[in-house]
Amino acid sequence: MAAVPADAPMPVVIPLVGLPGAGKTTLADALARAFGLRTVSRDVIRDALFPECRYTPTEQRAAFRAVLLAVEVNCALGVGSVIDGMTFSRAADLDRVDTLARRYDARAVPIWLDVPPHVARERIARDLTRGAHPAADRNPELVAQVARRFEAPPPSVAAIDASLPVEVVREQAFAIVRAALAAAR
């Protein structure tokens, strides 16, 4: 691998935290375009690894390890990442991303898309008509199951009310990332 130039901007790693249906994919796409980030999607990785995925713990762990590896490679190349397709329902998973980012002098900027479960379920129901959320299609109780095990992120994680209009959520997220990048300089 080529060395990253000393004057290159610090890469940013943005794990998007939230229930299925919180709007993580929509925001990931917008962040990737606006800030030149690579999207690392656990859903895409899991589908590539396990075309007939049964969402077993082994498959989930393998997909998460692959996400971390993709983020690590991006960091080593001096490229930022936005992590999509994960709920980050456990604080320990966010800690793993932060530790990895720091190892490469990157800045982890987790953003919590806080949305009530009923709003998440309504969004998923609409998305299913377009073929989105295959896990929810197989498991109608997905939002409730994730909500039960969801640990509120630490206070240091920026939270956005994701029930607001998508434009408002996007602008708030952009402001969070801009502030993190400015603080890193």
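The values are calculated or read from the model by the stated rules, or taken from the named source; none is laboratory data. All values reported here derive from a predicted model rather than from experimental measurement. Cβ placement follows ideal geometry from the backbone for every residue including glycine, while neighbour counts extend to all protein chains displayed. Protein only, heavy atoms only, side chains kept; ligands, DNA and RNA dropped before computing areas. Shrake-Rupley method; radii C 1.70, N 1.55, O 1.52, S 1.80 Å.
Overview of results
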quantity	calculated
For Asp105: the one exception among (1) crowded, with 16+ Cβ neighbours inside 10 Å; (2) in contact (Cβ under 8 Å) with a residue 24 or more places away in the chain; (3) farther than 25 Å from Ala159 by Cβ	(1)
Number of positions in the stretch 99-113 that are within 13 Å of the chain's Cα centre (by Cα) and of a type outside the set (Phe, Trp, Tyr)	5
Members of the stretch 170-185 found to be β-branched (Val, Ile, Thr) and over 15 Å from Gly18 (Cβ atoms), listed by number	Val177
So Asp114, is it modelled with pLDDT of 90 or more and charged (D, E, K, R)	yes
Counted residues, the stretch 146-164 - those being part of a loop (DSSP other than H, G, I, E, B) and among the acidic types (Asp, Glu)	1
Unique match (being open to solvent by 70 Å² or more (accessible area, probe 1.4 Å) and at pLDDT 95 or above) among Glu151, Glu122, Glu141, Glu171	Glu171
Test set (1) free of Cβ contacts under 8 Å to residues at least 24 places away in the same chain; (2) surrounded by 15 or more Cβ atoms within 10 Å (Cβ to Cβ) - Asn74 fails condition number	(1)
Inter-residue pairs, beta-carbon under 9 Å, first within 13 Å of Val17 (Cα to Cα) and touching a residue at least 24 places away in the same chain (Cβ under 8 Å) and in the stretch 153-169, second open to solvent by less than 50 Å² (accessible area, probe 1.4 Å) and among the basic types (Lys, Arg), 6+ apart	Ala162/Lys24
Some residue of the stretch 128-138 being buried (at least 17 other Cβ atoms within 10 Å of the Cβ), under 18 Å from Leu27 (Cα atoms) and modelled with pLDDT of 90 or more	no
